[in-house]
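Engineer: Dumping the structure here so I can ask a few things about it.
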Amino acid sequence: IAATLEEARALTRLVEDLQTIAAAEAGQLTLVTGTVDLAEVANDLVTSLGPLAEAQEIDLRCVISGRPDDLMIEGDAGRIDQVLTNLTTNALRHTAAGGAITLEVAPAGDKVRLSVSDTGEGISPEDLPHIFDRFWRGDPARSHRDGAGGGLGLAIARQLVEAHDGTISVESALGEGTVFTIDFPRRNPRLSA
């Protein structure tokens, strides 16, 4: 029964992911907008995932730069948390014990920059151009250890960032780690509450 229940949960997640990405691509994604403190979102995530990181012997930390007012954007805090959670849990999956994951929040001109960097296994140069594609899971050696996930997480992350008029990019080197960088506009009249 437990295996069937877990399979049902996985299918439910897959359906929800497909609905999210379809709505985003159609420009019909519902965003609950307001002022979002990106430093608070990052700190909350480190607090919630801290025990998992500690259990895996990974140093998970948050670095905040700039004045609090310079780290606020207009957006949907829940959707931004969804993006950051996806990037951080991916980093946890691909970083070995003794490694580190750092979430950084800093002003970047008229934008606020969020980055998630890890000292994990990295992504091959051949795979990098495809990581935001739907259902793409790359090298089988990088597949989730428990077989979970449908290859939609990074595609959804990109769609959610773009729904906020932001950009997401990635840099990686095999054996050295990966850095995802997101830039959100600080002021976004389209999303103002």
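The values are calculated or read from the model by the stated rules, or taken from the named source; none is laboratory data. For clarity, every value in this text was computed on a predicted model and none was experimentally measured. Reconstructed Cβ throughout: ideal geometry from the backbone, glycine too, with neighbour counts over all protein chains shown. For the accessible areas, the whole protein counts, side chains as well, though only heavy atoms, and no ligand, DNA or RNA atoms are used. Shrake-Rupley method; radii C 1.70, N 1.55, O 1.52, S 1.80 Å.
Engineer: Would you call Glu104 under 14 Å from Gly177 (Cβ atoms), open to solvent by 30 Å² or more (accessible area, probe 1.4 Å), touching a residue at least 24 places away in the same chain (Cβ under 8 Å) and not small (Gly, Ala, Ser)?
Structural biologist: yes
Engineer: Would it be correct to say that Ser115 is among the small types (Gly, Ala, Ser), open to solvent by less than 30 Å² (accessible area, probe 1.4 Å) and closer than 15 Å to Phe184 by Cα?
Structural biologist: So Ser115 fits the description; yes.
Engineer: Across the range 45-65, what is the total count of residues that are of a type outside the set (A, V, I, L, M) and either under 13 Å from Val105 (Cα atoms) or not in a helix (DSSP H, G or I) (or both)?
Structural biologist: Matching residues across the range 45-65 total 6.
Engineer: Kindly provide the set of residues from the range 49-73 that are within 16 Å of Ile101 (Cα to Cα) and surrounded by 12 or more Cβ atoms within 10 Å (Cβ to Cβ), ordered by number.
Structural biologist: Once the filter is applied, which keeps residues that are within 16 Å of Ile101 (Cα to Cα) and surrounded by 12 or more Cβ atoms within 10 Å (Cβ to Cβ), the range 49-73 yields Leu49, Gly50, Leu52, Ala53, Gln56, Ile58, Asp59, Leu60, Arg61, Cys62, Val63, Ile64.
Engineer: Same structure again: Being in contact (Cβ under 8 Å) with a residue 12 or more places away in the chain and small (Gly, Ala, Ser) is the filter here, so list the residues in the range 38-65 that pass it.
Structural biologist: Listed by number, the residues that qualify are Ala39, Ala42, Ala53, Ser65.
Engineer: Something else: One residue is enough: does the range 66-77 have a residue meeting the conditions more than 19 Å from Leu154 (Cα to Cα), in contact with a Pro (Cβ under 6 Å, 6 or more places away or on another chain) and either part of a helix (DSSP H, G or I) or in contact (Cβ under 8 Å) with a residue 12 or more places away in the chain (or both)?
Structural biologist: The answer is yes, given that some residue of the range 66-77 is more than 19 Å from Leu154 (Cα to Cα), in contact with a Pro (Cβ under 6 Å, 6 or more places away or on another chain) and either part of a helix (DSSP H, G or I) or in contact (Cβ under 8 Å) with a residue 12 or more places away in the chain (or both).
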